[in-house]
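Here's the structure we're looking at; comments come further down.
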Amino acid sequence: RWPGGCAGHAWNWRDTVGPVERRPQQAFGLPEFLTWCRETGGIPCITLPAYWGTEAEMADLAEYLNAPNNGANPNGGTDWAAVRAADGHAPPYGVTWFEYDADAWHGDHATAAAGATVRPRLSPDGYAETYLRYRAALRAVDPKVRLGAAVPAMVETWSAPVLERIGEAMDFAVTPFILPRHEGDSSAEGSRLLLQACLACGAQA
């Protein structure tokens, strides 16, 4: 799952592709993540930001990831499949799983004091409407794409309207668990407790 958690709220995927020297703050970008998945046997799930972007920009992401590098350029503008090939991966990645910002329900973390753009918190209805547009845009590029939606546990005021509005168009639900719940030092005892907490994640979930 990349980017994970609240790092996905407003990330611009275009800043994470292309020559590494042009993105010094993002040396581990989208191509590096996908290489890591391939080398470790992981199945990638790409987060779509709730507080940045449009359906056209999400369609371009699907083109970068999954369109053939044959000059077709289904969305016009930049030929993102050619950018992917220049990044060292000519064949499509074939990414199936995407998540529409599972942490969007609690709002963005940008503050005026930090000089960032402060974005109003999404409503459940607004989130659901955007989900449907993004899903259609992704699947227009690759019909195999599956998009997950935020259905946080114990937040019925968000989850109920999202489920009702999206309905059967929801490919899967994303309910984040922050596990294990453990804080401590790096002593032998702390490490033992951390290992126990990790092994207990399944039971906690």
**Asked** What is the number of the single condition among (1) touching a residue at least 60 places away in the same chain (Cβ under 8 Å); (2) assigned to a helix (DSSP H, G or I); (3) open to solvent by 40 Å² or more (accessible area, probe 1.4 Å) that Arg38 does not meet?
**Response** (1)
**Request:** Look at Gly71 and say whether it is open to solvent by 40 Å² or more (accessible area, probe 1.4 Å), touching an Asp or Glu at 6+ places or on another chain (Cβ under 9 Å) and either modelled with pLDDT under 95 or part of a loop (DSSP other than H, G, I, E, B) (or both).
**Result:** yes
**Fill in**
Flagged in segment 117-139 as aliphatic (A, V, I, L, M), in a loop (DSSP other than H, G, I, E, B) and under 14 Å from Gly53 (Cα atoms), in numbering order, are Leu122
**Request:** Report the residue count in segment 120-143 for those that are acidic (Asp, Glu) and open to solvent by less than 30 Å² (accessible area, probe 1.4 Å).
**Result:** 1
**Prompt:** Among the residues of segment 164-182 satisfying the criterion of being farther than 18 Å from Phe98 by Cβ and surrounded by 12 or more Cβ atoms within 10 Å (Cβ to Cβ), which is modelled with the lowest pLDDT?
**Reply:** His182
**Asked** What is the one condition in (1) at pLDDT 95 or above; (2) of a type outside the set (Asp, Glu); (3) on the phi < 0 side of the Ramachandran plot; (4) open to solvent by 20 Å² or more (accessible area, probe 1.4 Å) that Gly94 does not satisfy?
**Response** (3)
**Message:** Criterion first (closer than 17 Å to Ala56 by Cα and charged (D, E, K, R)) does Arg121 satisfy it?
**Reply:** no
**Prompt:** Does Gly8 satisfy being modelled with pLDDT under 95 and of a type outside the set (A, V, I, L, M, F, W, C)?
**Reply:** yes
**Asked** Looking only at segment 74-89, which residues are among the acidic types (Asp, Glu) and more than 17 Å from Gly29 (Cβ to Cβ)?
**Response** Asp79
**Request:** Would you mind telling me which numbered condition in (1) surrounded by fewer than 20 Cβ atoms within 10 Å (Cβ to Cβ); (2) over 14 Å from the mean Cα position of the chain (by Cα) Ala7 fails?
**Result:** (2)
**Asked** Which of the following residues is outside any helix (DSSP H, G or I) and under 20 Å from Asn12 (Cα atoms): Gly94, Gly184, Gly76?
**Response** Gly76
**Item:** Residue that is surrounded by the fewest Cβ atoms within 10 Å (Cβ to Cβ), among those in segment 144-163 that are farther than 12 Å from Tyr127 by Cβ and not β-branched (Val, Ile, Thr)
**Value:** Met154
**Request:** Hey, could you check segment 10-35 for residues that are in a loop (DSSP other than H, G, I, E, B) and in contact with a helix residue (DSSP H, G or I) (Cβ under 7 Å, 6 or more places away or on another chain) and say which is surrounded by the most Cβ atoms within 10 Å (Cβ to Cβ)?
**Result:** Val17
**Prompt:** If the Cβ limit is 7 Å and pairs must be 6+ apart or interchain, which residue in segment 187-203 that is more than 22 Å from Pro176 (Cβ to Cβ) pairs with which residue that is of a type outside the set (Phe, Trp, Tyr) and open to solvent by 50 Å² or more (accessible area, probe 1.4 Å)?
**Reply:** Gly190/Gly184; Leu193/His182; Leu193/Gly184
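The values are calculated or read from the model by the stated rules, or taken from the named source; none is laboratory data. What you see is a predicted model, and the numbers here were worked out from it, not measured in a lab. Glycine also receives a Cβ, built like all others from the backbone with ideal geometry; neighbour counts cover every protein chain displayed. Quick note on the areas: whole protein, heavy atoms, side chains included, nothing else; ligands and nucleic acids left out. Shrake-Rupley method; radii C 1.70, N 1.55, O 1.52, S 1.80 Å.
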